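To start, the structure under review is shown below, and the notes come after it.
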Amino acid sequence: MPDVLGQRLVVLAGVALLGILVALAIVERRGGDDARGGLTGATAPAGWNTAFAGSRGPAGDAQRTTCGQVLADDSLGVTHPVLPCGAMVILRNGDTQVLTEVIDNTLVEAGRQLEVTAALGEMLDLDETAEIEWRFATDAS
């Protein structure tokens, strides 16, 4: 009987030691994350994406976007159903690239993945729905 009790104590001591080692490894790993600046989110992808885009047309009288902006004829911005308001993106159509921001989350016309204001559509030479490229703006952009 004493041998069984001794064996149980040795096993319990081994399990406790293993638990301590795992806890120390987790603490050290978290400390390493803090040393890299405490970043917890993923960085935005830097490559180009393609999307079907078109102009949302002329701004209506005091038309307000879902992001709270009032559109005018010279407003520059993009509508994207998923990206958050204010997200900075670069749009490219041919040789023309424009830095802009998400100003709305509700598409005007079905079948598009993003829409641009009329003024931005003119800058990009986007007369109708067409495939363009876009990417997130980064500090290196």
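The values are calculated or read from the model by the stated rules, or taken from the named source; none is laboratory data. Owing to the predicted nature of the structure, the values given are computational and were not obtained by experimental measurement. For neighbour counting, all protein chains shown are included, and Cβ atoms are generated from backbone atoms with ideal geometry for every residue, glycine included.
Any idea which of L120, L107, L91, L126 is part of a strand (DSSP E or B), touching a residue at least 24 places away in the same chain (Cβ under 8 Å) and out of contact with any His (no Cβ under 6 Å at 6 or more places or on another chain)?
L91
Starting from residues that are more than 15 Å from R64 (Cα to Cα) and of a type in the set (S, T, N, Q), keep the ones in segment 75-133 and report whichever is surrounded by the fewest Cβ atoms within 10 Å (Cβ to Cβ). Within segment 75-133, the match that is surrounded by the fewest Cβ atoms within 10 Å (Cβ to Cβ) is T96. Got at least one residue in segment 99-113 being touching a helix residue (DSSP H, G or I) at 6+ places or on another chain (Cβ under 7 Å) and of a type in the set (V, I, T)? Checking segment 99-113: at least one residue is touching a helix residue (DSSP H, G or I) at 6+ places or on another chain (Cβ under 7 Å) and of a type in the set (V, I, T). Taken over segment 27-63, the criterion of being more than 18 Å from T138 (Cβ to Cβ), at pLDDT 75 or above and surrounded by 10 or more Cβ atoms within 10 Å (Cβ to Cβ) is satisfied by T50, A51, F52, A53, G54, S55, R56, G57, P58, A59, Q63.
Take the conditions modelled with pLDDT under 95, of a type in the set (A, V, I, L, M) and assigned by TED's automatic domain parsing to the domain that holds S55 and apply them to L126. Does it pass?
yes
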